[in-house]
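The next block holds one structure in the form of structure tokens; read it before the comments.
The values are calculated or read from the model by the stated rules, or taken from the named source; none is laboratory data. Treat the numbers as computed from the prediction; the structure is a model and nothing was measured. Please note: Cβ atoms are built from the backbone with ideal geometry, for glycine as well, and neighbour counts cover all protein chains shown. Side chains are part of the model used for accessible areas, which takes the heavy atoms of the whole protein and leaves out ligands, DNA and RNA. Shrake-Rupley method; radii C 1.70, N 1.55, O 1.52, S 1.80 Å.
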There are 2 protein chains.
Amino acid sequence: MKSKEIKDAALKYFTIHGYEGASLSQIAEEAGVKKQSIYAHFKGKDDLFLQVLRDAKETELSSKLQYFNHVGSQNPKEDLYGYLRLAIDLFQKNEHLKFWLRMSFFPPAHLAKEIEKEVIDIIEKEQRILESIFQTWLDAKVIADNLAKTLTYAFLGVVDSIMLELVYGNDEKRLKEKLEASWTVFWRGISLQ
Amino acid sequence: MKSKEIKDAALKYFTIHGYEGASLSQIAEEAGVKKQSIYAHFKGKDDLFLQVLRDAKETELSSKLQYFNHVGSQNPKEDLYGYLRLAIDLFQKNEHLKFWLRMSFFPPAHLAKEIEKEVIDIIEKEQRILESIFQTWLDAKVIADNLAKTLTYAFLGVVDSIMLELVYGNDEKRLKEKLEASWTVFWRGISLQ
DNA sequence: GTCTATAGCGAGATAGAC
DNA sequence: GTCTATCTCGCTATAGAC
């Protein structure tokens, strides 16, 4: 059963070279099979790609859901900061998140519609979790009295900026400094005075 | 002289499909020439790509430099917010910025080193401008007394998050809301209390 | 399910007439 | 500088033996 090896290799090369730039022969070689054997497991390149995409989505989503189920939302500051660290961890530990980001931003044109559906689904789920968390804190007057949506968007902006720095990915020191800077200003910006 | 038409078409297809996904025959058709004619103007696909890259860099850099030469740095709040609006404008008016972002994040592997040099150059220039502006304001005690670098990184984080929302690019309303949220929290976070 | 063999296509690139 | 014609290569995908 070489199915997992093929998907792992596909994830790697789709991430590095994009859909069009990755070839089935590269993927097969990395997986230790002949390229024609791929067709015993997948209908074709599109099918392989979409299965890898769904795995990546599943991995990302479950990691994030697990995080918020685990933390008790008792310490807002620590929990939110921990979420940023989690995102950095996920990115650096396995390739799923980098693959996911690449395909979210620049999907292969002929699969754009299908990919967009998955992307919107995950974005909405993340947003809803954060909104409910911010709402809880608003009710408890822990942070500045404002709309949960504004806080969510501002925080998602911090998440995005960290993601982007990870994608650039050539400077650990700069990543750390940008994280600290964004986080410091964000927390100051939402705190009660 | 079809050179400009070829570069315009190349910019378009490199942006939509990436380096590997864009074909010279598509580009030639869009430019109104046969694909073999491209070789009268460019040594090959790499050469065409790198010339388009340098044009895009030039366009982006000069727009941003011009902005900060134009505004007098008398009104920090308005000037910084204007910079965010400028980035949105640049992105929506022409394709250079989207092309630039795609190639910054996910360069074709065999040209990654050359592209990275250009990317770092532009990032450092933008950063230096912002740092000097924040320093001027720090000296004038207009904003919270802190290091110019922290403020610059936090602001660049806001810029990045807006860029990323533009790249996703399917929701004008969401873009506006994220801009307002990030900007509101950022400004509150750096203001004197 | 994995292999060998091969089809069919489109890619980037070159040669040479005009 | 633009064209027609052509080369070579690597790609996705299929057929059929084991």
Among (1) within 14 Å of another protein chain (Cβ to nearest Cβ); (2) open to solvent by 30 Å² or more (accessible area, probe 1.4 Å); (3) within 15 Å of DNA strand C (Cβ to nearest atom) - the single one A:Gly18 does not satisfy
(2)
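One line per residue, one yes/no per condition, for (1) open to solvent by 30 Å² or more (accessible area, probe 1.4 Å); (2) closer than 24 Å to B:Ile190 by Cα:
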{"position": "B:Lys45", "(1), (2)": "yes, no"}
{"position": "B:Thr59", "(1), (2)": "yes, no"}
{"position": "B:Gln74", "(1), (2)": "yes, yes"}
{"position": "B:Leu80", "(1), (2)": "no, yes"}
{"position": "B:Ala87", "(1), (2)": "no, yes"}
{"position": "B:Leu90", "(1), (2)": "no, no"}
{"position": "B:Phe99", "(1), (2)": "no, no"}
{"position": "B:Met103", "(1), (2)": "no, no"}
{"position": "B:Lys125", "(1), (2)": "yes, yes"}
So, A:Glu165, is that one among the charged types (D, E, K, R), within 14 Å of chain B (Cβ to nearest Cβ), in a helix (DSSP H, G or I) and buried (at least 19 other Cβ atoms within 10 Å of the Cβ) or not?
yes
What's the total number of residues in the range B:74-118 that are away from chain A (no Cβ under 14 Å) and among the small types (Gly, Ala, Ser)?
1
Go through (1) more than 8 Å from chain A (Cβ to nearest Cβ); (2) not in a helix (DSSP H, G or I); (3) not hydroxyl-bearing (Ser, Thr, Tyr) one by one and return the number of the condition B:Gln193 breaks.
(1)
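Results for (1) within 23 Å of B:Met103 (Cα to Cα); (2) basic (Lys, Arg), shown as yes or no for each residue.
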residue	(1), (2)
A:Gly18	yes, no
A:Ile38	no, no
A:Phe49	yes, no
A:Arg54	no, yes
A:Glu78	no, no
Exactly one of B:Leu65, B:Leu84, B:Leu80, B:Leu53 is over 22 Å from B:Lys176 (Cβ atoms) and away from DNA strand C (no atom under 16 Å from the Cβ), and that residue is B:Leu65
Quick test of your reading of the structure: A:Asn170 fulfils all but one of (1) assigned to a helix (DSSP H, G or I); (2) over 26 Å from A:Gly72 (Cβ atoms); (3) open to solvent by 40 Å² or more (accessible area, probe 1.4 Å). Name the failing condition by number.
(1)
Just the residues that are hydroxyl-bearing (Ser, Thr, Tyr), more than 15 Å from A:Glu118 (Cα to Cα) and part of a helix (DSSP H, G or I), please, taken from the range A:50-97.
A:Ser63, A:Tyr67, A:Tyr81, A:Tyr83
Go through (1) part of a helix (DSSP H, G or I); (2) in contact (Cβ under 8 Å) with a residue 40 or more places away in the chain; (3) closer than 21 Å to B:Val71 by Cβ for B:Phe134 and report which single condition fails.
(2)
Condition check for A:Lys2: more than 30 Å from A:Tyr168 (Cβ to Cβ) and either in contact (Cβ under 8 Å) with a residue 12 or more places away in the chain or within 21 Å of the chain's Cα centre (by Cα) (or both)
yes
Being within 14 Å of another protein chain (Cβ to nearest Cβ), within 16 Å of DNA strand C (Cβ to nearest atom) and at pLDDT 95 or above, is that true of even one residue in the range A:25-33?
yes
Would you check if B:Asp8 is at pLDDT 95 or above and within 16 Å of DNA strand C (Cβ to nearest atom)?
no
Quick one: what pairs do we get from the range B:177-190, first residue at the interface with chain A (Cβ under 7 Å from one of its Cβ atoms), second hydroxyl-bearing (Ser, Thr, Tyr), C-beta under 6 Å, 6+ apart or different chains?
B:Glu177/A:Tyr153; B:Lys178/A:Tyr153; B:Ala181/A:Thr150; B:Ala181/A:Tyr153; B:Ser182/B:Ser161
Selection status of A:Lys45, within 15 Å of DNA strand D (Cβ to nearest atom), within 29 Å of B:Ala112 (Cα to Cα) and in contact with a Ser or Thr (Cβ under 6 Å, 6 or more places away or on another chain):
no
